[in-house]
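One structure is given below, encoded as structure tokens.
The values are calculated or read from the model by the stated rules, or taken from the named source; none is laboratory data. Only a predicted model underlies this, so the values are computations on that prediction, with no experimental measurement involved. Don't worry about glycine lacking a Cβ; one is built from the backbone with ideal geometry, like all the others, and counts go over all protein chains shown. Accessible surface is based on the protein model in full, side chains and every heavy atom, while ligands, DNA and RNA are left aside. Shrake-Rupley method; radii C 1.70, N 1.55, O 1.52, S 1.80 Å.
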Amino acid sequence: MRAFVESDWFQRLPVKPISLYRAESYLANPHALPDDPLIYYWDEEDKIVSFRSVFPAAFNHEEERFAWLSGAWTQLDFRKRGLSLRLLDEIYKDWDGRLAATNFSPNSRRLYERSTLLKPFCKVSGRRFYLFVNSRKLLEGRMGNLVFLWPVIDNIARLWARNKLRKHRLEKHPNIRWEKHAFPDRECMEMVNQQQSDYLFKRGEVELKWILSYPWLSTDDRTFKQSYPFSSYAKQFEVYTVKFYREEKFLGLLIYSLRDGHLKLLDQHFTVDCKEAVAHFFINESVAKRVEMLTILHTELAERIAGENNPFLFSKEFQHHIYSSIKRLPQNSKIQAGEGDFMWT
């Protein structure tokens, strides 16, 4: 991998199959082995016209590893030639049929269903809430010649949001306080490790340190913004750990990200039911940061936020489907909101 991204050919490629930030993350993956194949591509005339990448992961209740599919792209004039499916077949063979995918595009979902290699395994449900709406992000590609309406829609949404906020009173849970930290501390990691066996996918202290130490996004380097088709740059990208206490008793933690106005829950661990306090936190944080969107992939928590005296203009149901080619996976294990590559992007 390192030799590949440092090669002259890689530097000359107009479209690159991986960014340096993602490559560093792949290299630091605690579940990766030196001979793991991670990038698959089809090149013609010395240029990559289709590619896929994967990264190894592990289950808590199985010894064998598997690979998350992450990032599939084909040049527009090479589509409908079956290149992406052929790459998927190669990945399937190399990884002994042990693949999983989530956080994918509608096109990728259709390809998985057409290939029959991956089948729906489960879904993580929640809601997406909207506050200071950015119509360009929401409606780009759907408005055709009506793009001139974006500023009008945004101004109306801002006025509506400000009017709602004037009537909204920030509140905290009366018996629970929270603290915000840049990185999980020892107390957090001990709780994560204690609860790890309850979850299907392995994400204990080792995995969290890897994920949080090797982000796929940069806030100051635009090098790959034009040459890599997926996430590599953001004007704003922050990840925080929030600890919850009742008096001095530690109740649990959550991890969330804020990227260019989009706040989303990634991971959570609690010893008691704190949904009301967590709902208060996300409402308060959304107001304080003037967010455009809040994504909560947790059914009960999302319902609690929707049921509160919340300031959001509207919300809609939001789901992540997980597809897998692995047979006989446990159906009763817990699944975190940020599985697959959702936590990085």
Task: Search result, residues across the stretch 195-244 that are under 13 Å from Asn29 (Cα atoms) and of a type in the set (S, T, N, Q) - done: Ser213
TODO: Report whether or not Arg304 is more than 19 Å from Pro184 (Cα to Cα) and open to solvent by 50 Å² or more (accessible area, probe 1.4 Å).
DONE: yes
Task: Pair list, Cβ under 6 Å, 6 or more apart: the stretch 220-245 residue in contact (Cβ under 8 Å) with a residue 60 or more places away in the chain and among the basic types (Lys, Arg), other residue surrounded by fewer than 17 Cβ atoms within 10 Å (Cβ to Cβ) and in a loop (DSSP other than H, G, I, E, B) - done: none
Task: Selection within the stretch 270-301 - open to solvent by less than 10 Å² (accessible area, probe 1.4 Å) and of a type outside the set (A, V, I, L, M) - done: Cys274, Phe281, Phe282, Ser286, Thr295
Open item on the list: With at pLDDT 95 or above, among the acidic types (Asp, Glu), crowded, with 19+ Cβ neighbours inside 10 Å and under 24 Å from Ser218 (Cα atoms) as the only criterion, which of Asp267, Asp341 stands out?
Closed with: Asp267
Task: Given (1) under 22 Å from Arg86 (Cα atoms); (2) touching a residue at least 24 places away in the same chain (Cβ under 8 Å); (3) surrounded by 13 or more Cβ atoms within 10 Å (Cβ to Cβ), number of the condition Asp46 does not satisfy - done: (3)
Open item on the list: Please go through the stretch 322-335 and give me each residue that is surrounded by fewer than 21 Cβ atoms within 10 Å (Cβ to Cβ) and either part of a loop (DSSP other than H, G, I, E, B) or of a type in the set (Asp, Glu) (or both), ordered by number.
Closed with: Ile326, Lys327, Arg328, Leu329, Pro330, Gln331, Asn332, Ser333, Ile335
Open item on the list: Here is a list: Ser108, Ser25. Which entry is buried (at least 18 other Cβ atoms within 10 Å of the Cβ) and in contact with a Phe, Trp or Tyr (Cβ under 8 Å, 6 or more places away or on another chain)?
Closed with: Ser25
Open item on the list: Let me confirm something: among Ile211, Ile153, which residue is modelled with pLDDT of 95 or more and aliphatic (A, V, I, L, M)?
Closed with: Ile211
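When you look at Asn310, is it in contact with a helix residue (DSSP H, G or I) (Cβ under 6 Å, 6 or more places away or on another chain) and in contact (Cβ under 8 Å) with a residue 60 or more places away in the chain, yes or no? Don't jump to the end; show me each part of the working.
Numbers: in contact with a helix residue (DSSP H, G or I) (Cβ under 6 Å, 6 or more places away or on another chain): yes; in contact (Cβ under 8 Å) with a residue 60 or more places away in the chain: yes.
So Asn310 fits the description; yes.
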- [ ] Run Ala182 past the list (1) small (Gly, Ala, Ser); (2) surrounded by 13 or more Cβ atoms within 10 Å (Cβ to Cβ); (3) in contact with a strand residue (DSSP E or B) (Cβ under 8 Å, 6 or more places away or on another chain) and report the number of the one that doesn't hold.
- [x] (2)
TODO: Return only the number of the condition from (1) small (Gly, Ala, Ser); (2) closer than 27 Å to Glu24 by Cβ; (3) modelled with pLDDT under 95 that Ala67 does not satisfy.
DONE: (3)
